[in-house]
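Comments concern the structure below.
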Ligand SMILES: [Zn+2]
């Protein structure tokens, strides 16, 4: 009999696995995660002044893996930093092995495990505010990580040296696509950092610095085929003068031109942003000189492409306190570095890290967002910076 009950519980539990967003009323209670309204197939309930929501549906929004043990009637939710264990009908919960007393015990309603939303969200370090008058729970979740890949140029096999071989680039795009990655834009990143948007659990950003001609002739063709998005940080002075940079002197037609830039932007897949006017090392310049480098590029891009680029990549990844102050003063939305790691919200908008070596093959072996990047484990394809 006990076994049979366990099986029934288990079946009921697995029925809860498929969470679908149905447009059913949430019992008049709104749950807003950042700016996204969450709809649960089992509506939230209020018990003793506490809002209970379906645990699995909520925690999957936080990319947590969930397990249920029918013997002990415990639900374990895990990600890299946090393990939450609750027991049905018990007010004692565990967060990373520390005991936490709940105001209301989790319970099963319509085969969903319902838990206090405040407890779960706060366990994850999010801010939770309950607005009694409009029956709304606002959760601010900024704990999120995003791989931003940095490329410079692509080469056909046997042609040129350095750069990313075309076959490898194709392989990497295919890998991202077949693994269900969505390519996002710097505006998406800005919205994420501002708490306005939640990015999908498999989001990434593909970036190219310096406006190399091969970005137009090779990379653009590849992303177009796959309808993926990429962001290019460019130096208007280099484009205007078709100048070669210090690394690749002597190569004619090194940069794509404005017409090609426009074609890429018009495709809707390419976002062109600011890599400063003439690619100088910002931390060696005065604040005023840095300002000129940033603003002149903004103005030229606006003139040639019709919009102001509010996103910046520091040349050579170099910046100092003056640069950060300028970002604030000039209203730069995001800025990326070449520090080799995954971007995380705690880095703030102007020191976002990027993956400089392209270890795409090893990405997302696990299902959990933040442990996908064990940089040191990668066999890296080293790119020249
Ligand atoms: Zn550069």
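Note on residue 100 and residue 225: their simple-model spin labels are 4.8 nm apart, each label 7 Å out from Cα toward Cβ.
Extension gain, residue 82-residue 339: 0.36 nm per intervening residue step, less the Cα-Cα distance, totals 89.9 nm. As a calculated quantity, the FRET efficiency between residue 187 and residue 110 at R0 = 41 Å, using C-beta atoms, amounts to about 0.55. Between region 265-327 and region 37-110, what is the separation of their alpha carbon centroids in Å? Comparing the Cα centres of region 265-327 and region 37-110, I get a distance of 46 Å.
Between residue 67 and residue 299, the contour length at 0.36 nm per residue exceeds the Cα-Cα span by 78.2 nm.
Residue ranges 229-237, 298-306 sort as 229-237, 298-306 when ordered by packing (mean number of other C-beta atoms within 10 Å per residue, highest first). Note on residue 292 and residue 129: with the Förster distance fixed at 45 Å, the Cβ-Cβ geometry gives a FRET efficiency of about 0.55.
Since every read-out is calculated from the coordinates, none of them should be taken as a lab result. Remember, predicted model here, so these are calculated numbers, not experimental data. All Cβ positions, even for glycine, are placed from backbone atoms using ideal geometry, and neighbour counts span all protein chains on display.
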